[in-house]
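These notes concern the structure reproduced below.
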Amino acid sequence: MIILTLILAIAGILFVIFKNGSHGTLYEVSVNGKEVCRESIYKKHRIPLECGAVIVCDGEGVYFDSSDCPDLVCVNTGRLTREGEWAACLPNEVFLKVVSK
Amino acid sequence: MTRRITRTALLFSLCIILSVVESAFLTLPTLPGVKLGLSNLPVMYSLYTVNFPLALSLCLARSLFAFITRGFSACLLSLAGGCLSVLLMQLLLKTRSSIALVSVTGGISHNVGQLAAVSLLWSTPSVFSLSPVLIISGTVFGILNAVLLRVTIPYLKKIGGGK
């Protein structure tokens, strides 16, 4: 019982630490581990990738708009706005991350 | 002897079917990687009633299945998560902890293993920002799985599933 409470407490602390990141200013897109582009989050942009995933930036956040992968975890991750948030499309090996400089 | 073969075959197919079933459940928006952990049930069962090599081979079979259906990266994640999970569960078993603790450890270590594999594969340590969500879901579903296991072990033993 004690161990379980400890585990949940650690999870709670980590959650607070990660959720209070500052608003991101840039985002990076990596395909197969190599950085493909690095753009400002404030600029509206639509990035169709060769592998089939489409990444859209609407000026405030960035997200996977659509993908041809079977599980769609990337699309379901939703909109990323804070620094440190990320989304990934495993089958297409695309990694999207919000950074700030 | 035939009983052993049948039991092994049943456990293998259960493992794979359960991993398909749990993938069929909706992926929650904004929470990638949260899964029911049902595919851990045959692994835990074989740890408790058979031996460690069988549990390990169940994990390998699960990873192979992931490779066939979902591709290379899914296979690596499954391998990393599954092997870490099975190892830690076996270690905990030796210390005679409660079944809930074993199940929770299995779930959390599975997720941690997968995150570690992703961070190594793509050299991005920032994936660990997902860990709080995964720790909580691992704990919740770990307890659920423990309950399920507790309920089903007596019936399986009656059918003759033990050694």
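None of the figures in this text is laboratory data; all of them are computed from the coordinates on show. Quick caveat, the model's predicted, so the values are computed rather than measured. Backbone-built Cβ (ideal geometry, glycine too); neighbour counts: all protein chains shown.
At a Cβ-Cβ separation cutoff of 4.7 angstrom, cysteine residues of the protein assembly as shown with no neighbouring cysteine are A:Cys37, A:Cys51, A:Cys57, A:Cys69, B:Cys15, B:Cys59, B:Cys75, B:Cys83. Scanning chain B for long hydrophobic helices, with DSSP H runs required to stretch 27 angstrom or more by C-alpha along their axis and to average at least -1.0 on the Kyte-Doolittle scale, returns B:2-24, B:72-94, B:99-121, B:131-159. Calculated [222 nm] ellipticity per residue, helices only, for chain A: -6500 deg cm²/dmol; basis is -39500 (n - 2.57) per DSSP H run with n ≥ 4, divided by all residues, nearest 500.
Taking K and R as +1 and D and E as -1, what net charge do the other residues with C-beta under 15 Å from the C-beta of A:Glu93 add up to?
Numbers: positive: A:Lys34, A:Lys97, B:Arg70; negative: A:Glu28, A:Glu35, A:Glu50, A:Asp68, A:Asp71.
It works out to a net charge of -2.
Once you've got the GNM for chain A with C-alpha springs shorter than 10 Å, pick whichever of A:Ala87, A:Ala53, A:Ala11 has the biggest mean-square fluctuation. Evaluated over chain A, the most mobile residue of the options is A:Ala11. If the segment from A:Phe15 to A:Tyr42 were pulled out straight at 0.36 nm per residue, it would be longer than the present Cα-Cα gap by 7.1 nm. For chain A, the longest principal axis of the Cα atoms and the long axis of helix A:2-19 meet at an angle of about 40 degrees.
Whole-Hz Karplus values for the stretch A:73-86 come out as 5, 4, 5, 6, 5, x, 8, 9, 10, 8, 4, x, 6, 8 Hz, taken residue by residue from phi with 6.51 cos²θ - 1.76 cosθ + 1.60 and θ = phi - 60°; glycine and proline positions read x.
Based on alpha-carbon centroids, what's the gap between the stretch B:74-151 and the stretch B:1-69 in Å, whole number please? What the calculation gives is 13 Å, centre to centre.
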